[in-house]
Amino acid sequence: MSATSWAWLVLLFPLLGSIAIALGFKALPAKAAGAIGTAAIGLAFLCGVAALVSLLGEHPEARHHASSLWDYASVAGLDIKLGIFVDPLSVFMVLIVTGVSTLIHLYSFGYMQSDQGYHRFFSYLNFFVFSMLLLVLAGNFVLLIVGWAFVGFASYALISYWYRRETATKAGMKAFVINVVGDIGLVLAAFLIFRELGTFEYSEVFEKAPQVFSVNEWTITAICLLLLVGAFAKSAQLPFHTWLPDAMEGPTPVSSLIHAATMVTAGVYLIARTHVLFALAPTAADIAAFVGLATLLVAATIALVMTDLKRAIAYSTMSQIGYMVVGVSIGAYSAGMFHLMTHAFFKALLFMAAGSIIAAMANEQNIDKMSGFGKAMRFTSVTMLCGGLALAAFPGTSGFFSKDEILAYATARGGMYLIFTVLGYFGALLTAIYTFRLIFRVLPGKPCPEAQELIDSGHVHHAHPFNPATGEEEDTEVGFPGADHHIAEQSLPMRIAMGVLAFGALFAGLVQVPGVDEVVGKFLDPVFEGVVLSHVHPSVGAEWFGLAIGAAISLAGIGIAYFLYVARPETPAALQQRFSALHTFLYNKWYFDEAIDFLIVRPALAIGRFANRVFERFVVDGLVSGTEDVVSGGGRLVRVVQSGFVRSYALLLIVGFAGLALYFLLSSS
Amino acid sequence: MNIEWYIVLSSLLFAVGAMGILVRRSPVVILLCLEIMLNAGNLALVAFSRMVGNQQGQVFAIVVMVVAACEVVIGLGLIVAIFRRKLPLDVDELRELHG
């Protein structure tokens, strides 16, 4: 079978899984639903591998195929096909999405077992995977927008999964609204592309674009900036990032899958996919790179002070996506995509480990209350350490190779791009510090009561479920699983998922060692061939030099974290006292929520209130009741004439006719 | 005979009928006065028809008579109905449809 047939099967299985679970939720036992969901994604992964194999059997130059099933819309001059585009980039994304999703489904199989909405969860999750695959496989901008909107909805549904929890539904709405802002950008970009080029098909757009547009022409810059709005909203870059930390209200597997490994990287994929357009608009690409850099640093500084375990990891996700955006914007396409892959491994793993710990803490997410889980949960802490090492770019782990490759590329481009190298390494230092801050706070030390309970009796702490954010009582009837979460130590599927990811987090980097194998680069480079920037290549020596600096910085960061949180545990509090203004500033997330509230939400509300009080009350109501007043007033006037005296009517008639006759007589003479 | 005499007679009849409608309160008399007015019109029509020399005015007068007959039927029917319901036979009293 050809690569495209396999790709269609990749799309089919998750869709079937989602529909089967959704329709059969009454007939299927809970475990069967989980099994179907996991198997559907597993099969999709196998089909993805088959597509990869069939693609590898071809000449590198010929590895791109478009295929369409039928016309999606065909009207005057517009011919949109339900088509997919299979090339190394989309297959690479398919493998990451399905691979990580399979493991996360496996993890959810254990994690969500006590949840009342088990079927709903797996149906949503399969639907999400289908949408994400549609997004990466789409062969034209219309289908891309369809997939883009579907993942937005899936994200909303899964964030608000525990829908009796007010914080969760609000977070879902926030995510959805901000994502829709991005959708608007993407749709407008597609309109502009169609207006200028007359087509939505990727292959035709990328073929025509260099002929139609001159470099940095305003239309192409506008298109790229609008694409960036979409990419930034989806990928939680400044200033559209505020939804991501709030999205941590969803179940942990959701945070792991959607808000770390796959959906939030859609923006990176979009920039890589439309690299031909960005090559024509270097200004837009530079803007993207600087926004990525700003996000990277802002998020890293916030992650330094967050006390909520999942939110800290969420800020770290933003920061790492910042690296990817920098990568694909400055031209290090395959490096950016490679970082996307390794990040999917170690971030999914970190979230799973965090989920396991949070379950053991009976839904408490505050790291101030955690300690000593190293002893209580051996397996979880080992895997968390693996993920942490990869995130901190410890020499030899996957994050080490991928992050430094982006920075080495920035160095190779030189000039202004050295800023990215320098600040990127500074970000790497912060990354190492905040990662090991979490690990040193949670794993070593004297076990907290919950951890002690686990050590003593072997069962998970059961607290009465209160929402830690608002203190409201959780409703376990409609889904909130209460305190009987499963933890990784006690559930085989969760252990398997975390074990595989830990292996990936540690060793996935070895496929792309500079000067040795560079598998990912060789596979992806043909896609980006033909763009000016693809000819910039850092030398192997320079890459190893960068790696050496990266290793030193990573070790320094871990050392600082060790010094602060293990050797001298009293220093953080002292620092906090000393720089309390800075701490408050960071702790309030640079006041982004407040700024958006002040700049957008309040003016919008004020306009709404003004419209209600003035426009609605006086103009609209005035128009309606004014018409009514005129009509009824006129009626009242005319009524006076209707006296009911027949003779007066007759008089009126006669006098009127006599008047008329007189008039005609006079006027005719 | 000169046409003026016919016109004058017709106008007088019309004025008498109109005055009758305006001053009398009994519906029967009003109906009678209406008939006088219609016949004043008929007289003028016939006179003009003679003057012009064709029959169109006379045909029109017959049509007016038909209309007048219909009107009398309905009018008298109404008056009988009013009488049967023991309502006052006075147009000034019958003003329930005032605005």
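The values are calculated or read from the model by the stated rules, or taken from the named source; none is laboratory data. Keep in mind that this is a model prediction, so the values were computed, not measured. No Cβ is skipped: glycine too gets one built from the backbone with ideal geometry, and neighbour counts run over all protein chains shown.
Of all the numbered requirements in (1) among the β-branched types (Val, Ile, Thr); (2) modelled with pLDDT under 90; (3) crowded, with 24+ Cβ neighbours inside 10 Å, residue A:307 misses one, and that requirement is (3). Exactly one residue out of A:414, A:396, A:424 is crowded, with 24+ Cβ neighbours inside 10 Å and in the same structural domain as residue A:519 (by TED's automatic domain parsing), and it is A:424. Only one of the numbered conditions (1) under 14 Å from the mean Cα position of the chain (by Cα); (2) of a type in the set (Ser, Thr, Tyr); (3) surrounded by fewer than 24 Cβ atoms within 10 Å (Cβ to Cβ) is not met by residue A:214, and that is (1).
For the range A:546-560, the criterion of being over 27 Å from residue A:422 (Cβ atoms) and in the same structural domain as residue A:422 (by TED's automatic domain parsing) is satisfied by no residue at all.
Output the residue which, of all residues in the range A:634-654 that are of a type in the set (Gly, Ala, Ser) and within 7 Å of chain B (Cβ to nearest Cβ), is farthest from residue B:27 (Cα to Cα).
First pass over the range A:634-654, keeping only residues of a type in the set (Gly, Ala, Ser): A:634-635, A:643-644, A:648, A:650.
Within this subset, residues satisfying the condition of being within 7 Å of chain B (Cβ to nearest Cβ) are A:643-644, A:650.
On the way: A:643: 18, A:644: 14, A:650: 13 Å.
Step by step, filter the range A:634-654, then rank; the result is A:643.
Is the range A:49-57 home to any residue that is out of contact with any helix residue (DSSP H, G or I) (no Cβ under 8 Å at 6 or more places or on another chain), outside any helix (DSSP H, G or I) and assigned by TED's automatic domain parsing to the domain that holds residue A:91? Scanning the range A:49-57, I find at least one residue that is out of contact with any helix residue (DSSP H, G or I) (no Cβ under 8 Å at 6 or more places or on another chain), outside any helix (DSSP H, G or I) and assigned by TED's automatic domain parsing to the domain that holds residue A:91, so the answer is yes.
In the range B:15-42, the residue that is nearest to residue A:650 (Cα to Cα) out of those that are facing chain A (nearest Cβ under 9 Å) and in contact (Cβ under 8 Å) with a residue 40 or more places away in the chain is B:30. Here the range B:60-85 is the region considered, the condition is being of a type in the set (A, V, I, L, M) and more than 18 Å from the chain's Cα centre (by Cα), and the residue that is farthest from the other protein chains (Cβ to nearest Cβ) is B:80. In the set (1) more than 26 Å from residue A:505 (Cα to Cα); (2) part of a helix (DSSP H, G or I), the condition left unmet by residue A:79 is number (2). For the range B:86-99, the criterion of being away from every other protein chain (no Cβ under 14 Å), closer than 26 Å to residue A:658 by Cβ, of a type in the set (Val, Ile, Thr) and in contact (Cβ under 8 Å) with a residue 40 or more places away in the chain is met by no residue.
Results for (1) out of contact with any Pro (no Cβ under 9 Å at 6 or more places or on another chain); (2) in contact (Cβ under 8 Å) with a residue 24 or more places away in the chain; (3) not aliphatic (A, V, I, L, M), shown as yes or no for each residue.
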residue	(1), (2), (3)
A:150	yes, no, yes
A:162	no, yes, yes
A:167	yes, yes, yes
A:174	yes, yes, yes
A:192	yes, yes, no
A:205	yes, yes, no
A:210	yes, yes, yes
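For the range A:427-443, taking the residues that are aromatic (Phe, Trp, Tyr) and over 23 Å from the mean Cα position of the chain (by Cα), the one that is surrounded by the fewest Cβ atoms within 10 Å (Cβ to Cβ) is identified as A:440.
For the residues A:276, A:291, A:268, A:325, the requirement of being modelled with pLDDT under 90 and in contact with a helix residue (DSSP H, G or I) (Cβ under 9 Å, 6 or more places away or on another chain) singles out A:276.
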